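Here is the structure we will look at, set down as structure tokens.
Read-outs throughout are calculated quantities, based only on the coordinates presented, and are distinct from any laboratory measurement. Note that the structure is predicted; figures quoted are calculated from it, not measured. Positions of Cβ are generated from backbone atoms using ideal geometry, with glycine treated the same way; all protein chains shown enter the neighbour counts.
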């Protein structure tokens, strides 16, 4: 008791000798962080770890004369060694890489939350590039990629941790990855959760999968296959709906018409734009000299100058003076090209049109519409997609 009183008296004298100075600016942050530490840290795990460390230390320094049975000490140490299980990070580099390459997207996300080492591996672009190509490669192209780069470039303050960088103790603790409970609480305070790098394939996949990112693409048979858009493909902005596994299409306005919105657009009606040409610009044709009867083509067409261009499916036909015999056909050397749209009935003004092989750019009028650039179809997949969309009834 006397020793306790002397200790308390000495501490009081020492405390009185301290001069009262104002607290440094980071003291307020420490005071706030103390609540987070006590919230995330449990006394039971700490006391348990301390008890285990003390018991192990006591076992190691136990003198031989105080131990009645030396065999017990060896058995305890052996059991401790057996309890140490092998970690995933202990696997060879090639084996771990093969495992991560075979994980689905949700598996990679869960693995990225385990530790900082797995986070760096699971968020690497080469792993997510495969998932992007596998699910989204057919519907996203260079235009969607440019739109994504612009989106992330204009994104401000992507996470609270970025904003706290270099701002006292809060910013310093926010950058300490070994303390995940600090980072999670900072994210909770900021109300902004973004667990992976913004400029990454993982982030792009997440934005596409959740429907938060509207990307440019083209839709076959616009507005649920309206008769005026059969066998056509129009530009639109699309957003994915994971609940129905379909898309919502937002077509650009033209003239006095407002934005047209179409729901429940299926995957088979979407494609990435094959060329980088705006729907309001004329495509410069570079295949006119090689076109011959039987070739499949797409041609730009719009109702009037206020409408955007859409791509319409057609085939190169024979001239009227040609009997269609390939041995005597002279259409290949003619200065004019016949384009046929066989989905329309005979006698329809939309069934045939003639363009110049040498100087074709834009032809038509406000009554029949305007024909623009032409691109030749050479891939079997493109041609089979158009044939699959062929209307059941002949159009007038």
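Take the Cβ atoms of residue 392 and residue 303, set R0 to 30 Å, and the FRET efficiency comes out at 0.80. Each Cα pair under 8 Å and six or more residues apart adds its separation to the average, and for the stretch 215-271 the resulting relative contact order is 32 percent. The simple spin-label model puts a point 7 Å past each Cα toward its Cβ; for residue 103 and residue 381 those points are separated by 2.8 nm. For the stretch 288-388, averaging the sequence separation of C-alpha pairs within contact (under 8 Å, six or more residues apart) and dividing by the residue count gives a relative contact order of 32 percent.
Ranked highest first by average number of other Cβ atoms within 10 Å, how do 102-109, 326-333 line up? Intermediate values should be presented prior to the final figure.
Working: 102-109: 13.8, 326-333: 11.2.
Descending mean neighbour count gives 102-109, 326-333.
When 131, 226, 280 are arranged by Cβ crowding within 10 Å, least crowded first, meaning fewest neighbours, the order is 226, 280, 131. Here the peptides 299-305, 232-238 are ranked by packing, the mean other Cβ count within 10 Å, and the order with the highest first is 232-238, 299-305.
Taking 0.36 nm per residue of separation and subtracting the Cα-Cα distance, full extension of the segment from residue 359 to residue 275 would add 28.1 nm. A simple spin-label model places the labels of residue 115 and residue 88 1.1 nm from each other, with each point 7 Å out along Cα-to-Cβ. The residues 97, 298, 320, 306, when put in order of fewest to most other Cβ atoms within 10 Å, stand as 320, 306, 97, 298.
Distance between the pseudo-spin-label points of residue 287 and residue 145 (7 Å out from Cα toward the beta carbon): 2.2 nm.
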